[in-house]
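Notes follow the structure.
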Amino acid sequence: MVHVLFFRNRKAGEDHYPATHTGGSASHRAHAAILAETNEKVPTPTDIYEHTHTVNNDRVNWINKKAERVYKRIKELRELRSQPLEGSSEPQHVDEDQLFFDAVGGLDNRNRIYGLGSLQNIIYGSQSSCNIATSRYNSNFNDDYHQMQVELQEMKDHVKELQQTRDDELQEMRSQMNEMKNQLAMVLNNQN
């Protein structure tokens, strides 16, 4: 006979486990879509985290201490990474996807990223414990990489053309010098 206690949710009860997010039954994807429509821009992982981990989505009152600690870490990392480089007054561009990944401590022991739910694979792609986060902008990087390869090949071809031109000019100069030597030798022979 199976005991009734085995059927109870081991995490049930407000006294035992506080809420981990305020998203309700809506997926993080649904919340991201709502944020995108409301703000008219693609939400960052931090935007989604703030929306789903604050009371009444107020972005002020965090649902638990861990949620607040993570958000403080996000702010610290953003401030650190946006500092201008030495000799520059321009703040650095911060990769929000990588920032969030680093702030939450990367992948947990089950290859999940804290706070993202169903959005993890959309933002970071499939993960393995050996991989670092792959940004959703990866395809842009691939396009940029391909474009750089094309430009590099064009530069190599241009260098080859310049080398060939230089070699041709050197050969022409050598033949002119030999011709001048021959003429000088003939003049000197005629004078003797």
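Any read-out appearing in this document is the output of simple, stated calculations on the displayed coordinates, not a laboratory observation. Since this is a predicted model, take the numbers as computed values, not measurements. Please note: Cβ atoms are built from the backbone with ideal geometry, for glycine as well, and neighbour counts cover all protein chains shown.
Structure above, values below:
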| read-out | value |
| --- | --- |
| Using θ = phi - 60° and Karplus 6.51 cos²θ - 1.76 cosθ + 1.60, couplings along the range 72-77 (whole Hz; Gly, Pro as x) | 4, 5, 4, 4, 4, 5 |
| Of the trypsin sites (Lys or Arg not before Pro) in the range 21-98, those whose Cβ has at most 11 other Cβ within 10 Å and which sit in DSSP loop | Lys41 |
| Exposure proxy order (Cβ contacts within 10 Å, fewest to most) of Val104, Val159 | Val159, Val104 |
| Whole-Hz ³J(HN,Hα) from phi, Karplus 6.51 cos²θ - 1.76 cosθ + 1.60, for the range 172-183, glycine and proline x | 5, 5, 4, 5, 5, 5, 4, 5, 5, 4, 4, 5 |
| All-pairs alpha carbon distance profile, the range 141-192, 5 Å steps from 0, percent | 4, 18, 10, 12, 9, 8, 9, 6, 7, 5, 4, 4, 3, 2, 1, 0 |
| Estimated vicinal HN-Hα couplings, Hz - the range 45-52 in sequence order (Karplus 6.51, -1.76, 1.60; Gly, Pro = x) | x, 5, 4, 5, 4, 4, 5, 9 |
